[in-house]
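In what follows, a structure is listed as C-alpha cells, so that the remarks can point back to it.
The values are calculated or read from the model by the stated rules, or taken from the named source; none is laboratory data. Quantities reported herein were computed from a predicted structural model and do not represent experimental measurements. Ideal geometry is used to build each Cβ from the backbone, glycine not excepted, and the neighbour counts take in all protein chains shown. Surface areas here come from the heavy atoms of the whole protein model, side chains and all, with no ligands, DNA or RNA. Shrake-Rupley method; radii C 1.70, N 1.55, O 1.52, S 1.80 Å.
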Amino acid sequence: MIDRATVDKIVDAARIYDVVSEFVTLKKSGVNYKGLCPFHDDRNPSFMVSPSKNICHCFVCGKGGTPASFLMEHEQITYPEALRWLAKKYNIEIVEKELTNEEREAQSERESMFIVNEWAKDWFHDILKNDPDGIAIGKQYFRSRGIRDDIIEKFQLGYSPQKRDALALAAKSKGYKPEFLVKTGLCYEREGARGKEQENSLVDRYSGRAIFPWFNVSGKVVAFGGRVLDSRTKGVAQKYVNSPDSDIYHKERELYGIYQAKKAIVKEDRVFMVEGYTDVIAMHQAGIENVVANSGTALSTYQIHMLHRFTNNITLLYDGDEAGIHAAMRGTDMLLEDGMNIKVLLLPDGDDPDSFARKHSTEELKRYIEENQTDFITFKSRLTVENVTDPVKRSEAIGGIVKSISVIPDQILRSTYLTDFAHRINMKEQTLIAEMNKYIRSLTPSPSPSGEGSGNTQDGNVAESHPTEVNTFLYTQGGGASGTSIELLLIREIVRHGEEIIFKDVETDEGQRISLSVSQYIDFDLSQDGLEMVSPLHRQILSEAVAHQGEPGFKAETYFCSHPDMQVSQLATRLAIDRHQLGGRFEIDREESDEEKKHQNFVRRLQQRVLHLVMDYRLDIVETRLKEIQRELLQVGGDRERMMELLKQHKETKEIRDALAKRLGTDLVV
C-alpha cells in the first residue's frame, strides 16, 4: 500500500496538461487548453484543461477530473494503479505503507496468484512460438482458423504441451509453489495425493490444448481457457476447459476481451457482445475491436455494470440458430433495467461471428451490422408476437415485451418503445400503458402516507418509479432552488472554499471565542437542530472537510478533486469547474489592486452567500414539514386531540417559516 506522504508527492507533481496531452491533442484557449473529449464521440472540442486548477472537464458528457481520476476513467484502472502510472512518469519512488500481518498475507497470496498466471501466460505463449510441438500443433491450429500472428500477439495466445505435467515441472524449476498452481487452477492434484506427494502429483489442466488467456479490465491475467484441437474434438463432450473460480477470478465478473476492447468501446460508444473466444478474435482481426464475450454464461449484473462504465449501447451479435436466439434473449431485461440501449443482430443461419467475419471484408462486415441490427423490442416482437395467431400465446408474448419495456429507467424511452410497439401490433396504446403500470407498481415500493410517489404522469406512466440523478447546476442570484439543489450548492461551496475562514474571533454563548471556516459553519449550524444532509455522499464530503480543517496546507478543492473515491472526486471536479471559471473570470474583483482588500471583499461575499444558502436550506426543510402537517390534517379524521396538536405544530412551524422568509428577503449585514 502506498504511504500518504508518497501519495501527496505524486499528487503535487502530477500536472493535468502533461497527462491529458498523452491521450488528447490539446490547443491553447485563453489561459486553458481544449480538445476533443476522449470519453465520447466528440465532433467539436468540448474537453477543457485548466492548468491553474490542475483539472480537466468535458462540458458534454461531464467526465474529467484530476490527473489521477482522468487516468482512472480513461485507462479503466484503480486509484493505486493510477498513482503508480504517475509515479513512473515523474520518476517518483514508491514508498509502501507497512501492512498488518493479515493484510500482508492476503495481498501476498493474491499477488502470488497473479504472478503465477503471468508466468504461465508467457510460458504457454513461448511454447507456441518456439517449441517444435507448439509450432507444429498449436500454431498450425491457429493458422487453420485464419488467425494472424499479430492477433496471436495481441491476445497472447498459447499452447500447452500434451505431456500431462509439463507446466507443473517447468513451474517447479522456476521456484513457483505448487499451492498456487492449484489455487489458480493451472494444475490439479491426482486423486489421493497429499502432503509431500503433492509436488510430484500435479496434473496440467490444459495439456494438449490451445490456450486463451483471460485479462481483467486492468490487464492482469486472471484465468485461462483451453480448447481441444480440431483433430481431437470428435466425441469430446467438453471442447473448452476454463479456470475454476478462485480468489482472483469469478467467471460471472469477467468478460473475455474487455482489456483489449475497452478503448475502442469508449471511442465507438458501443460494445458488441458475442459468445466465444474465437468470435472476439475474428472480429478484432476484421478491424472491429469494441467486442467482448461472456463465453456461454448468462450475463450477470457485475458484467453489465462493467460494460456500463464504458458505454450505454450494446449490440448482441449471435448466430441465427436456436441457440443464438436463446443467447440473445438471456439477460436482456437486466440490460434494459440498467439503462443500456440494446440492439440485436442474428447472423445468417450456419454462421457465427467467427465464420462470418472471415468471409467478409471489414467494410462489408460493418455495413451488414449497421443495416441489419435492430432494437431489442422490435427483435422480440418479430420473434414472439408477429404472425402468432393463437390468442393465449400472443397475449403471453405481448405481456412479456411490455414487462421488458417496464424495467427501462428512462421514462421517455419507455414511452417511445411502448408507442412503437402498440403501432407494430395494432393495439391501443392505453391498454399497454395500463399493463405496464401494473408491472411498474409491482416493482415500486408502496406510497408513503404523505402520498409521495403515488401520482401519474401525463403519459400514463407511474411517476418516480425509477430514481433519477439530480444534475449539477450553477446557483444564480434571484433564482429559486429546491432543497436537493440547495444541498448541492452548499457542497459546492465546501468543495471550492471549505477551508476559508468566514467568521473570525466570534464569541459563543459560553463566552468562548472561535473562528469558523465555511465547512465548520455549515456543520455547526445544521447540527444545532440535529439536521443532516440527505445525500450520504454530501455528508461524507462535509464530514471530511471538517475533519481536515486544522491540517496545515489543507485546501478543500485540491483534497476532494484528488480523492481516491471516484464518486467524490468526480462530483468535486464538476463543482470546482465551470465555463465561467475556465474562461479565466473569477469571483474576486480583478480591478482591485490591494490584495488584502480583494480578499476581504471576497470573504464578505462568500460569507453572505453561505449564510443565505444555509437559510434557504432551512426554509426548504421547514416548508416540507408544513406540507407534511397539512397532509396529515386532511387525514386525521375525527381525532380532535390530534387535530389540535397538529394545528399548534402548523402555527409554530409557519412562524419559523415566515421569520426565515423575512430574513431571506432582507439584506444580510454581518
Got a sec to turn the phi values of the stretch 401-416 into Karplus ³J(HN,Hα) couplings, 6.51 cos²θ - 1.76 cosθ + 1.60 with θ = phi - 60°, whole Hz, x for Gly and Pro? 5, 4, 4, 4, 5, 5, 7, 5, x, 7, 5, 5, 5, 4, 5, 4
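Could you provide, to the nearest whole Å², the per residue accessible area of the stretch 113-223 with probe 1.4 Å?
Per-residue value: 45 Å².
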Residues with amide H under 5 Å of N341's amide H, sequence separation 5 or more or different chain, H placed in the peptide plane at 1.01 Å from N; which? N313, I314
Residues whose modelled amide H sits under 5 Å from the amide H of A223, counting only those 5 or more places away in sequence or on another chain, are W214
V291's amide H: which non-local residues (gap 5+, or another chain) put their own amide H closer than 5 Å, with H modeled 1.01 Å from N in plane and none for Pro or chain starts? F272
Note, the stretch 39-51: 3J(HN,Hα) by Karplus (6.51, -1.76, 1.60, θ = phi - 60°), whole Hz, Gly/Pro = x, goes 9, 8, 6, 8, 9, 10, x, 10, 9, 9, 10, 10, x
Simple label model, 7 Å out from Cα along Cβ direction - V392 to E153, nm: 6.2
Write down the accessible area per residue of the stretch 1-69 in Å², having rolled a 1.4 Å probe over the full set of protein chains. 47
HN-Hα couplings for the stretch 332-348 via Karplus (6.51, -1.76, 1.60; θ = phi - 60°), in whole Hz with x for Gly/Pro, come out as 5, 5, 5, 5, 4, 5, 7, x, 7, 8, 9, 10, 10, 9, 9, 6, x
Straight-line reach from K177: which lysines have a Cα under 16 Å away, not including same-chain ones fewer than 8 places off? K196
Can you give the extra length, in nm with one decimal, that the chain gains between E645 and E628 once fully stretched, where that is 0.36 nm per residue apart less the Cα-Cα distance? 4.8 nm
Whole-percent pair-distance distribution, where bins are 5 Å wide, for the alpha carbons of the stretch 216-327: 2, 11, 20, 24, 21, 13, 6, 2, 0
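Just to confirm, what accessible area per residue do you get for the stretch 364-419 at 1.4 Å probe, in whole Å²? Display every interim value, and only then the final one.
Details: 2880 Å² over 56 residues.
It amounts to 51 Å² per residue over the stretch 364-419.
For the cross-link pairs K34/K343; K34/K88; K154/K380; K403/K627, which exceed 29 Å when the distance is taken from alpha carbon to alpha carbon?
Working: K34/K343 34 Å; K34/K88 26 Å; K154/K380 36 Å; K403/K627 35 Å.
Beyond 29 Å: K34/K343; K154/K380; K403/K627.
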